[in-house]
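Laboratory data are not the source of any read-out in this text; all were calculated from the coordinates shown. Note that the coordinates shown come from a computational prediction; the quantities given were computed from them, not determined experimentally. When we count neighbours, we look across all protein chains shown, and the Cβ atoms used for this are built from the backbone with ideal geometry, even at glycine.
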Amino acid sequence: MKTELYIDGAFVPAAAGGHFPAINPATETAFAEVAAGQAEDIDRAVRAARRAFDSGVWSGLGGSGRAAVLRKIAQGIKVRVDDIAALETRDNGKPLPEAVWDIEDAAFCFDYYADLAEAAEARGDTRLDVGDERFESRIRREPAGVVGAITPWNFPMLMAVWKVAPALAAGCTIVLKPSELCSMSCVELARIIDAAGVPPGVFNLVTGFGPDAGAPLSEHPLVDKLAFTGSVPTGRKVMQAASGGIRTVSLELGGKSPFIIFNDCDLEKAVEWILFGIFWNKGEVCSATSRILVQRALYPRLLERLKQAAEAITIGPGDQDGVKLGPVVARSQYDKIMGFLERARTSGAKLITGGRRPDGFAKGYYIQPTVFADVPLDAEIWREEIFGPVVCVNPFDTEAEAISLANDSPYGLAGAVMSDDLERCDRVAAKLRAGIIWVNCSQPTFTQAPWGGFKSSGIGRELGQAGYDAYLETKQITRFDHGCDWGWYLGGDDPQ
Ligand code: NAI
Ligand code: MG
């Protein structure tokens with residue numbers, strides 16, 4: 001099977017005609033050929049998006065008109081949850097039930113932003129008191145324009161939808177460049193958007209490699225706003241490219257999120273959320289709680305129980321019943337994680353369990369659920385994002401020490417705290433320097449709640465109302481209804 005690009009309302013081959021393989025990480029085999037878009041395709045797509053935006057064909061529908069189309073897209077996803085989830089598992093390796101959550105969330109995201117588009121239309125402009133009654137001033141929010149979206153492979157369809165749904169709801173037009181490691185579900189998204197009757201040019205999909213397609217999109221002068229999710233080095237490049245045209249940019253860049261566990265916690269509850277916080281989606285989660293801080297008295301028992309539970313996790317292909325940990329996404333990530341594990345051997349950290357390829361797999365990018373303890377604070381595995389099924393655990397004594405260790409990171413995407421003392425949880429939550437804080441849990445994500453990071457974890461917020469506002473420009477309209485009585489030049493006094 002060969003995929004195509006979707007530009008200006010039509011499925012078309014890449015101008016240069018090339019393809020690259022979609023690879024199933026459980027078998028290491030190609031199952032499709034993805035169109036390799038390049039600068040020329042990006043240019044056509046951006047020009048189509050520009051024309052569509054400037055024509056007003058989409059923004060002119062108004063919030064309720066666009067909401068009706070968005071709900072059709074949501075419906076188009078809902079009726080295909082099972083087959084798109086299976087495709088996502090084949091391309092990414094994640095367990096099928098997790099892929100089902102993703103695709104259901106993607107459908108909900110379109111319904112949610114349909115509601116927000118309608119609400120914005122109903123609210124209309126905001127009147128403003130400028131302190132001088134001769135003036136009538138109001139704030140009008142307008143779509144930001146042409147959006148360039150560059151997305152990752154860990155939640156291939158969902159991360160795209162976090163951008164596409166609010167951008168379309170707000171009245172923007174968009175060019176989406178998904179990750180070359182997992183493009184297939186975004187091709188299906190393009191089919192659904194096409195079938196829902198979105199006008200030509202409003203949504204465009206260009207699959208391809210980062211340097212070939214992502215870079216020209218981030219540099220294109222006709223793009224008004226860039227939305228990126230991925231690594232810090234690539235995010236920096238996107239931000240630099242945006243500076244050329246003084247374009248708005250939102251970045252979601254991952255982290256090394258801490259999870260603080262106090263002595264008064266229920267052990268089983270703590271272990272369950274630690275496991276979910278790092279092994280869900282194979283640890284390929286920007287908000288994964290990969291640094292666990294455990295209060296001293298609980299530390300030995302917790303490590304013992306965590307080891308047992310990690311060793312009991314069923315590893316296998318994502319489409320097999322009962323599997324909780326699939327293969328990591330690609331050879332490149334497998335090698336990268338194995339490199340971290342190799343270097344960790346001499347870091348001084350204690351390997352509690354895992355650390356290598358599991359037995360019994362001839363093929364597939366499988367890595368054991370891995371736990372390190374007593375990790376030196378300057379060790380690479382404690383400081384850098386591994387983006388795989390690897391967790392580090394360290395002890396602490398006091399609340400203040402836990403907070404200071406937790407905040408000692410260049411990242412600030414998420415953080416979690418667990419204690420039966422809710423006042424303590426509130427104190428800690430207020431002091432963690434991160435955009436997402438979980439209390440007595442780790443990872444539950446809601447479309448309604450703003451998502452994004454402090455520090456090197458990014459700029460801006462996705463999801464919630466903030467994720468909609470991110471696709472708007474703000475305009476003030478100020479009217480003077482008093483004829484000539486300003487009079488600074490044409491006679492008269494000082495207007496004050
Ligand atoms: P990446 O940041 O290179 O890829 C993300 C997207 O950027 C992809 O669509 C890619 O094609 C595109 N891209 C690559 N180079 C580009 C360029 N020069 N200009 C514009 N776009 C470009 O991430 P990669 O290499 O796939 O993963 C490496 C690491 O990044 C992971 O190990 C993980 O630590 C982190 N990461 C974080 C994610 C998050 O959710 N915050 C998601 C994926 C990766
Ligand atoms: Mg793949």
Quick one: which of 383-392, 405-414, 481-490 comes out on top by average Cβ neighbours within 10 Å, and what's the full order, highest first?
383-392, 405-414, 481-490
Cross-link reach list, lysines versus K177, counting only Cα pairs under 22 Å and skipping chain neighbours closer than eight places
K2, K94, K163, K225, K237
Can you work out the Karplus-derived ³J(HN,Hα) for every residue in the stretch 131-136? Use 6.51 cos²θ - 1.76 cosθ + 1.60 with θ = phi - 60°, whole Hz, and x for glycine or proline.
x, 9, 5, 6, 9, 10
Could you state, as a whole-number percent, how many of the C-alpha pairs of the stretch 117-183 are farther apart than 19 Å?
51 percent
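Run through the stretch 103-192 and list the trypsin sites (Lys or Arg not before Pro) located in a DSSP loop whose Cβ has at most 15 other Cβ atoms within 10 Å.
Details: sites: R123, R127, R134, R138, R140, R141, K163, R191; in loops: R134.
Here the trypsin sites (Lys or Arg not before Pro) that fit, given the DSSP loop and packing criteria, are R134.
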Check which residues have an amide H placed less than 5 Å from F396's amide H, if you skip close sequence neighbours.
V294, Q295, R296
Surface/4 of the Cα convex hull for the stretch 44-111, nm²
5.7 nm²
Using bins 20 angstrom wide from zero, how does P(r) for the chain break down, in % of all Cα pairs?
23, 51, 22, 4, 0
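How many percent of all Cα-Cα pairs in the stretch 352-395 sit more than 18 Å apart?
Values: 315 of 946 pairs.
Counting pairs separated by more than 18 Å, the tail of P(r) holds 33 percent.
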When the convex hull of the C-alpha atoms of the stretch 25-167 is computed, what volume per residue in Å³ does it have?
150 Å³
Going by amide H atoms built from the backbone, whose H comes under 5 Å of the H on W438, apart from near neighbours?
G415, A416, V417
If the cut-off is 12 Å between C-alpha atoms, which aspartates and glutamates fall inside it for K363, apart from same-chain ones fewer than 8 positions away?
E28
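As a quick test, which of the pairs K324/K350; K282/K324; K78/K324; K307/K350; K282/K336 have an alpha carbon distance above 19 angstrom in this structure? Could you put the intermediate results ahead of the total?
Working: K324/K350 25 Å; K282/K324 9 Å; K78/K324 24 Å; K307/K350 12 Å; K282/K336 14 Å.
K324/K350; K78/K324, as the Cα separations exceed 19 Å there.
Anything in the chain that counts as a DSSP H helix reaching 15 Å or more along its axis (C-alpha) with Kyte-Doolittle mean of at least -0.5? List them, would you?
Helix filter hits for the chain: 62-78, 96-123, 156-170, 184-195, 232-244, 267-279.
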